[in-house]
């Protein structure tokens, strides 16, 4: 194995053989042996690379063929440079670029002679012999186009690479010896012994590849930062056939294709999805789960999300001028573990759940999210987690405006945040008197490029002693007045109302992510230990309140019975209250006793703390929470995919101006669209030719999308092939 010969290598170094490794970084190439680095040069230093061919092959156990494969150059070139180095030393490898390097074998006279001979029907060998040059010289000239070889009537056309159909691929995948579609056997054997870090993407000619449309999203995924953030946080995974790049692309393509769980991969053709990944097949469920477990054990999900949010914020600082914050509750339906309970609004139930607080930018695109320890309130999460993170993203001296619902209402906090350069826009909580209708005026606004009219009014109100807020109200058609409170004094009331009502886009975002990206899906049922010192509501106090309520109900019942008997008292027999009390003394004694007990219970209730450490309620092994690392990582992938989908949506907006949902539905169908994948290795391009869609409008939108994506000239990661998309 490589480790026995070269024990210490930097991350990313690749072996040439068991004795020498090559490491590319910062446009530099280094060669390593067991003793360390032995030679280095710049990638664009042609003389340095030629010198490396002589030094490495001469002084190490490296063959010219191995060196040529490592640098992806012609083996003959390495042999030629090696001979020059061995015969005349390093100086023989220097080429003076200023010299006049004209063709001396196939000059003008020889070229005309060869062209004449070929036109007469001479073979290449005969023409070369007649002109006194080599056959290879003529072949090279034909390849460059300086000489044209005319085809003879009986000459057979050159064999074109065979394009495999879906049926042929299916038969080939089924006949693989080591598993369905596992065709790259040699690389898999090397991966099993730790000889390669991960398999490199390789593409061949294939016709009608299912799900090939998802390749259109690849430039957008790269622009959003998928691979960059993954490498920044995780570097490389353990050596194997599937590495970090293939895992990131697999999870991203799964999200875009609406393959919502790893188990649903079983329903997909592994060979077809493998072609899109540049591999022989997609990873199995157990392989993908093993890779996810490895990623989770590194505890880098927080860095992964932080890098993404910082990248998005740096691209446009204005998008975090307004930040929408809301909690999303993920119910837990299992019975194995005891989790904190909270109210699940969409189910109208209180049940075990985990609460994530999502922060979306001014365009309601996801920015980052924070998982609460035990369903903490929005107000506490704003103060502890959200505001510090937003201030860091915004940078010193920049104000941020938080937009949230009534759950975050706290005038004291508003005043404190205002002094710390944090503004708020929220609904007013509690009861308030209506304003006269003459206080409202018509204001025009735009929602999703459509004109709307609001009836708005505004005033200044004082909440605390010396802290004034601005109140903006909207008068609805039914007479209801919606009150909005803000600390912003520099924007008009129309923008305040529009920003507040735009918060519903975050609710739509949650619904879309639940339905399309399975946001509530638990990628693992594993748990981790939670904070045993975390405070929880004291159940003893709850029981005390229930007991007081029960005694009050009994007291009320006794008083009612006692009053009914007093009302029905026969005054001819008992004309005085004293006589009535003597006759009904049992009721009075019970009432006095209950009142005394209730009074004592209220005193005891005040002595009981409202919250106690959870370790006093449960055994320490029972104080757990659902594992967060893998969930944060996969949710981060879904955030990236949603943003990439939005980028594509903006490109096709002219074709789907009616509503946002129609454009996303079109993209969903595009990702499922089959296409022919035809790589051109000489021109280093990979042609992706889409099949026709169902309507002319869809074809026009797809063509527009292809044209824009082609302008990016995106190179498929791990290859030198530029993606070129074509639509009918």
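Read-outs: derived from the displayed coordinates by stated rules, not from any lab. Since we're looking at a predicted model, the values are computed, not measured. Please note: Cβ atoms are built from the backbone with ideal geometry, for glycine as well, and neighbour counts cover all protein chains shown.
Annotations
- Cα-based Kirkwood hydrodynamic radius, the chain, one decimal, Å: 32.5
- Taking all Cα pairs closer than 8 Å and separated by 6 or more residues, the relative contact order of region 2-93 comes to 19 percent.
- Kirkwood hydrodynamic radius (C-alpha pairs) into Stokes-Einstein, region 586-728, 4 °C and 1.567 mPa s, D in µm²/s: 60
- Helices in the chain, meaning DSSP H runs of at least 4 residues, each add -39500 (n - 2.57). Divided by all residues, the mean residue ellipticity at 222 nm is -13000 deg cm²/dmol.
- Span per principal axis, largest first, for the Cα atoms of region 496-563 (Å): 62, 43, 25
- Footprinting exposure proxy ranking of 442, 494, fewest other C-beta atoms within 10 angstrom first, gives 442, 494.
- Degrees separating the helix 108-119 axis from the principal Cα axis of the chain, which is the longest one: 90
- Ascending count of other beta-carbon atoms within 10 Å, so fewest first, for 306, 252: 306, 252
- Distance from region 391-422 to region 227-267 (C-alpha centre basis), Å: 37
- Calculated diffusion of region 2-93, Stokes-Einstein form, Kirkwood radius summed over Cα pairs, 4 °C and 1.567 mPa s, µm²/s: 98
- Degrees between helix 539-567 axis and first principal axis of the chain (Cα, 0 to 90, nearest 10): 30
- Helix axis angle, 696-711 relative to the chain longest principal axis, alpha carbon, degrees: 70
- Packing-based ranking, highest mean first, of 547-553, 513-519 given that Cβ atoms within 10 Å are counted: 513-519, 547-553
- Dividing the alpha-carbon radius of gyration of region 272-398 by the rule-of-thumb value 2.2 N^0.38 Å gives 1.32.
- The chain: relative contact order as a whole-number percent, Cα under 8 Å and 6+ apart: 12
- Inter-site label distance for residue 467 and residue 427 at 7 Å from Cα along Cβ, in nm: 2.2
- Contact order for region 187-308, expressed relative to its length and based on alpha carbon pairs under 8 Å spaced 6+ residues apart, stands at 33 percent.
- Per-residue packing, averaged as other Cβ atoms within 10 Å, sorts the ranges 397-408, 633-644, 193-204, 318-329 into the order 633-644, 318-329, 397-408, 193-204, beginning with the highest.
- Computed extension length for residue 9-residue 341: 114.6 nm, one decimal, from 0.36 nm per residue of separation with the Cα-Cα distance subtracted.
- Footprinting exposure proxy ranking of 462, 416, fewest other C-beta atoms within 10 angstrom first, gives 462, 416.
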